[in-house]
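The values are calculated or read from the model by the stated rules, or taken from the named source; none is laboratory data. Computed from a predicted structure; not experimentally measured. Cβ: placed from backbone, ideal geometry, glycine included. Neighbour counts: every protein chain shown. Ligands, DNA and RNA are excluded from the accessible area calculation, which covers all protein heavy atoms including side chains. Shrake-Rupley method; radii C 1.70, N 1.55, O 1.52, S 1.80 Å.
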Amino acid sequence: MKVLVAVKRVVDYNVKVRVKADGTGVETANVKMSMNPFDEIGVEEAVRLKEAGKATEVIAVSLGPTQCQETIRTALAMGADRGIHVQTDVELQPLAVAKLLKAVVDKEQPQICILGKQAIDDDANQTGQMLAALAGWPQATFASKLVINDDGSANVTREVDGGLETVTVKMPFVLTTDLRLNEPRYASLPNIMKAKKKPIDTLTPEQLGVDAAPRLKTLKVAEPAKRQAGIKVKSVAELVDKLRNEAKVI
Amino acid sequence: MPAYEAPLRDIRFVLNEVLRIDTFSNLPGFADATPDVVDAILEEAAKFCSGELQPLNQSGDEEGCHFDDGKVTTPKGFKEAYAKFAEAGWIGLPCDPAYGGQGLPKVINFAVEEMVCSANLSFGMYPGLSNGAYNALHLHGTEEQKKLYLPKLVSGQWSGTMCLTEPQCGTDLGLIKTRAEPQADGSYRITGTKIFISAGEHDLTENIVHLVLARLPDAPAGIRGISLFVCPKFLPDAAGKVGERNKLACGAIEKKMGIKASATCVMNFDGAQAWLVGQKHKGMSAMFTMMNFARLAVGIQGLGVAEAAYQGAVTYAKERLQMRSLGGVKAPDKPADPIIVHPDVRRMLLTQRSITEACRALAYWAGMELDIAAHHPEAERRQAADDLVALLTPIVKAYLTDHGSLAANLGVQVFGGHGFIRDWGMEQLIRDARITQIYEGTNGIQALDLVGRKLSVGTGRLLRRFFHPVTAYLETAAAKPALAEFALPTIKAMAKLQQATAWLAQAGLKDPEEAGAAAHDYLRLFALVALGYMWCRMAEVALSKQESEERAFYQAKLAGARFFMAKVIPETNLLFTTMTSGKNAMMAVPDDYF
Ligand SMILES: Cc1cc2nc3c(=O)[nH]c(=O)nc-3n(C[C@H](O)[C@H](O)[C@H](O)COP(=O)(O)OP(=O)(O)OC[C@H]3O[C@@H](n4cnc5c(N)ncnc54)[C@H](O)[C@@H]3O)c2cc1C
Ligand SMILES: Cc1cc2nc3c(=O)[nH]c(=O)nc-3n(C[C@H](O)[C@H](O)[C@H](O)COP(=O)(O)OP(=O)(O)OC[C@H]3O[C@@H](n4cnc5c(N)ncnc54)[C@H](O)[C@@H]3O)c2cc1C
């Protein structure tokens, strides 16, 4: 059984994100980039499936500029077997990513495709769902537990608003990871060294026959408004008055 | 505890841009260490240090090690962290692939060690001692010994120790009393007491490999009668399976000032079975060949603490609001300005940082020359590198550890009263750093090594390995207008160093006590010149990249270089004056003065 894991290169979660002066996006020049934390969880889950003898091959896929290969190497160092890099410098939006992944899925025929439930840069939470729809596969999103059954199905526990929900899905399916699914490992030094020798195939959207052009236009990116300093009120009556007449919340 | 974020950009700057390790890809180990792989290694090591080791630093200090009837338990979390560290293969980074290591350059290991020491100095002792034992056996062990011990040390399944010190001797190992009796089967029985043995007993590994200095029955008196032995806690069979307990035990652990999570043990050998490593009576020279590594590694400990202290201090200085800037209010919306606006606070931060950055470059340079000495195809180049490392080792050991203590002290000072309070974790850095100036040969002994031994080798051959290329570099640099600003003060300091060397050669030859009295000042003078040279090289790179996207980073390097040239390197004048004032201020003092 092949498992495909999507890994996105994003601004590192420790970085304090700054908006570009011209309001077209966030500053990414000279900013530390790393693998989307939800995708790390995805790689970890796939590697565990392989270690448990459930998966035979783990393929890490990343889409975007050349530097995405570093992100793929990170996945290879964690234990993925090979990488696929779909190289493009255009801004990739969830629908384009889903279409590109669908093309890769058609080529590779995995039984499970694992994505993060969202990427920490744009927080879209759409790609996994779109991919499932395009592929006509079942989806199990926000997973906090994955159990592979002998009959080619899987039980997935999902984190939903009301608590936990367990669903059974038939392979092939799309899984999106939530934070509690696992705790990703540190890559070992020997695996970091081995990762260099593992193959990464490079493809382009054209080769995959996908038009990756953006459909949405970003009008403006702005910092959240600064919080106003608080004030002290002298009495409950004054507080109620302010809530009613100034804040207009009661 | 201040958060620690590995200074990866600074480390890469030294490795890739200043030392240009990529130009050595013809050496074994370096070929695998392409910049992208080095980046991946450093990033993962950094993640491990910040994520696993640093969180145990303060708790390990608070809890310390426990001793109960010969058993030592490390603080909570250490066992798990060690297991992960070993599992991830970090111990084997510079080790021979024949024994399961990765065979990567030592200079890369220096960078990883720096991070480990910044994050948790106590933790670093355990793999550090294993590395010492590995080196001793790798260099001097028989094939059989290597096959038995090295794979286990490399994987971290077993750990190592260095058993030198005894109650009556630390510096003067000629006084060692521990005895080794030859046995019919070719092994030996060791009897005696060793003290201050780091990692002598603990709960991290299934076996502990002690390397012990002891005296054979027919040994000549003094330092020429010492032999080196390997003495495992549990006797392994030929396949490496641990068996019977050897006749040795931990008698106590010390209560101490710092590195409290590192067990410092009294070790009693009571007829413990052991095997000779290297030749009879040649134990000291065997020890010394690996001591260079160990001394450089202790220098790296000082560097690690200095970096941690700076990071804590600079974060605090940006947040702490006290008093208004003398140059006019800087934060009108706040009740006071952040203390980073004050000249005295900047003095402290820049003293920490400008010296730390140059120390990093110096230590890594020595690390790279170690690799060259081991692997270069040309014998002449190997010899030159070996000479340079021999010369730089006492300087790196002593100056970097002195700086670690200084930087830790400044860190506390920047924190004001809060620096003195345990919760902030800054005073721990002072306590942890303090030992690095003492073990592996006190810094006083390092200075003696420099003036007594290193200067005289081959009538100044080691010195020329430094003076000639550095002088040539500085002269060329001084002719470049933008670089002259940094090269000229360094040339001045270099002139003082040369004068000091000439003075020392004369005065010291006539009267060895003059050399002993001058040693401390001379070592510091030498170190400052070496750091000045490193700053020139760093400034040269920074100047060439002023148009890059990372301009701010390179500007910061120039700022560090300027501070060093204005405020640090002039100390060479003072050192020259005090040094050449001679021994009398100390030695003419009558004994009953004290
Ligand atoms: C926490 C800790 C861990 C240690 N770990 C180990 C270990 O793992 N293995 C091990 O074998 N040892 C270890 N040691 C011992 C350490 O190496 C010694 O303490 C050190 O070598 C100094 O020896 P000493 O304490 O006997 O001091 P002494 O030798 O008594 O020195 C006292 C002072 O006299 C000075 N001095 C001595 N001789 C001269 C001289 N000729 N000229 C000028 N000054 C001189 C010294 O510089 C020092 O300032 C450890 C010690 C500590 C505290
Ligand atoms: C053990 C202990 C006992 C104490 N006992 C008492 C006591 O009995 N009574 C009492 O009232 N207090 C006491 N204190 C408090 C002590 O006096 C303060 O800690 C001290 O005055 C420093 O103030 P701070 O800690 O707020 O440091 P800060 O004022 O925040 O100073 C931090 C750093 O900034 C520097 N700095 C600040 N302003 C400037 C400036 N304008 N220019 C240059 N540098 C500047 C300082 O020199 C220092 O290095 C005690 C503190 C301790 C730790």
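Within segment B:416-471, the set of residues being open to solvent by 10 Å² or more (accessible area, probe 1.4 Å) and among the aromatic types (Phe, Trp, Tyr) comprises B:Phe420, B:Trp424, B:Tyr439, B:Phe467. Applying the condition of being over 19 Å from B:Ala472 (Cα atoms) and basic (Lys, Arg) to segment B:494-528 and asking which residue is surrounded by the most Cβ atoms within 10 Å (Cβ to Cβ) yields B:Arg524. Among residues of segment A:63-80 that are farther than 13 Å from A:Asp39 by Cα and of a type in the set (Val, Ile, Thr), those with a beta-carbon under 7 Å from a residue that is open to solvent by 50 Å² or more (accessible area, probe 1.4 Å) and not in a helix (DSSP H, G or I) at least six positions away or on a different chain give the pairs A:Thr66/A:Gln87.
Among the residues of this structure, B:Glu80 does not count as one that is under 24 Å from B:Gly304 (Cβ atoms) and in contact (Cβ under 8 Å) with a residue 60 or more places away in the chain. Only one of the listed residues (B:Gly404, B:Gly411) is part of a helix (DSSP H, G or I), open to solvent by less than 20 Å² (accessible area, probe 1.4 Å) and more than 16 Å from ligand 1 (Cβ to nearest atom). That residue is B:Gly411. A Cβ distance below 8 Å, combined with a sequence gap of six or more or placement on separate chains, defines the contacts here; from segment B:289-318, residues that are free of Cβ contacts under 8 Å to residues at least 24 places away in the same chain and surrounded by fewer than 24 Cβ atoms within 10 Å (Cβ to Cβ) reach no residue that is of a type in the set (Ser, Thr, Tyr) and part of a helix (DSSP H, G or I). Of the residues making up segment B:319-342, at least one is more than 18 Å from B:Ala527 (Cα to Cα) and away from ligand 2 (no atom under 16 Å from the Cβ). Restricting attention to segment A:182-201, the residues being open to solvent by less than 70 Å² (accessible area, probe 1.4 Å) and more than 9 Å from chain B (Cβ to nearest Cβ) number 4. Could you please find all residues in segment A:156-179 being touching a Lys or Arg at 6+ places or on another chain (Cβ under 8 Å), open to solvent by 30 Å² or more (accessible area, probe 1.4 Å) and either in a loop (DSSP other than H, G, I, E, B) or within 18 Å of A:Gly42 (Cα to Cα) (or both)? Listed by number, the list holds a single entry, A:Glu159. Say we look at segment B:1-47 and pick out the residues that are among the β-branched types (Val, Ile, Thr) and within 20 Å of the chain's Cα centre (by Cα); which of these is farthest from B:Ala88 (Cα to Cα)? Within segment B:1-47, the match that is farthest from B:Ala88 (Cα to Cα) is B:Val14.
Note on segment B:415-459: residues that are within 16 Å of ligand 1 (Cβ to nearest atom), hydrophobic (A, V, I, L, M, F, W, C) and closer than 30 Å to B:Leu321 by Cα amount to 3. Residue count for segment B:140-192 satisfying the condition of being open to solvent by 70 Å² or more (accessible area, probe 1.4 Å) and within 8 Å of ligand 1 (Cβ to nearest atom): 2.
For the condition open to solvent by less than 10 Å² (accessible area, probe 1.4 Å), more than 14 Å from chain A (Cβ to nearest Cβ) and away from ligand 2 (no atom under 16 Å from the Cβ), B:Ala286 qualifies. Yes or no: segment B:493-511 includes at least one residue that is outside the structural domain of B:Leu575 (by TED's automatic domain parsing), within 16 Å of ligand 1 (Cβ to nearest atom) and over 25 Å from B:Ala373 (Cβ atoms). No, because not a single residue in segment B:493-511 is outside the structural domain of B:Leu575 (by TED's automatic domain parsing), within 16 Å of ligand 1 (Cβ to nearest atom) and over 25 Å from B:Ala373 (Cβ atoms). If I filter segment B:14-30 for residues that are within 13 Å of another protein chain (Cβ to nearest Cβ) and assigned to a helix (DSSP H, G or I), do I get at least one hit? Checked segment B:14-30: no residue is within 13 Å of another protein chain (Cβ to nearest Cβ) and assigned to a helix (DSSP H, G or I). The combined condition, being within 16 Å of ligand 1 (Cβ to nearest atom), within 27 Å of B:Ser130 (Cβ to Cβ), in contact (Cβ under 8 Å) with a residue 12 or more places away in the chain and charged (D, E, K, R), is fulfilled by B:Glu254.
Residues in segment B:554-568 that are within 14 Å of chain A (Cβ to nearest Cβ) and open to solvent by less than 40 Å² (accessible area, probe 1.4 Å): how many? Count: 2. Any idea which residue in segment A:61-76 is farthest from the chain's Cα centre (by Cα), counting only those that are open to solvent by less than 10 Å² (accessible area, probe 1.4 Å) and within 14 Å of another protein chain (Cβ to nearest Cβ)? Restricting to residues being open to solvent by less than 10 Å² (accessible area, probe 1.4 Å) and within 14 Å of another protein chain (Cβ to nearest Cβ), the top hit is A:Leu76. Just checking, does segment B:140-150 include any residue being out of contact with any Leu (no Cβ under 9 Å at 6 or more places or on another chain) and either small (Gly, Ala, Ser) or within 13 Å of chain A (Cβ to nearest Cβ) (or both)? No, segment B:140-150 has no match at all.
From the list B:Ile208, B:Ile223, B:Ile195, which residue is in a strand (DSSP E or B) and open to solvent by 10 Å² or more (accessible area, probe 1.4 Å)? On inspection, the qualifying residue turns out to be B:Ile195. If you go through segment A:8-21 one residue at a time, do you hit one that is part of a loop (DSSP other than H, G, I, E, B) and open to solvent by less than 60 Å² (accessible area, probe 1.4 Å)? Yes, because at least one residue in segment A:8-21 is part of a loop (DSSP other than H, G, I, E, B) and open to solvent by less than 60 Å² (accessible area, probe 1.4 Å).
Residues in segment B:360-375 that are among the charged types (D, E, K, R) and open to solvent by 10 Å² or more (accessible area, probe 1.4 Å): B:Glu369 only.
All of (1) within 14 Å of chain A (Cβ to nearest Cβ); (2) farther than 27 Å from B:Gly560 by Cβ; (3) open to solvent by less than 50 Å² (accessible area, probe 1.4 Å) hold for B:Gly70 with one exception: (1). Specify the residue that is nearest to ligand 1 (Cβ to nearest atom); the eligible residues are those in segment B:333-373 that are more than 14 Å from chain A (Cβ to nearest Cβ) and in a loop (DSSP other than H, G, I, E, B). Only one residue tops the list, namely B:His342.
Among the residues of segment B:294-335, those identified as out of contact with any Asp or Glu (no Cβ under 8 Å at 6 or more places or on another chain) and within 15 Å of B:Asp449 (Cβ to Cβ) are B:Leu296, B:Gly299. Right, B:Ser262: more than 29 Å from B:Asp432 (Cβ to Cβ) and open to solvent by less than 70 Å² (accessible area, probe 1.4 Å) or not? No: the conditions fail for B:Ser262. Considering each residue of segment B:36-51 in turn, none proves to be more than 11 Å from every other protein chain (Cβ to nearest Cβ), among the polar types (S, T, N, Q), part of a helix (DSSP H, G or I) and open to solvent by 40 Å² or more (accessible area, probe 1.4 Å).
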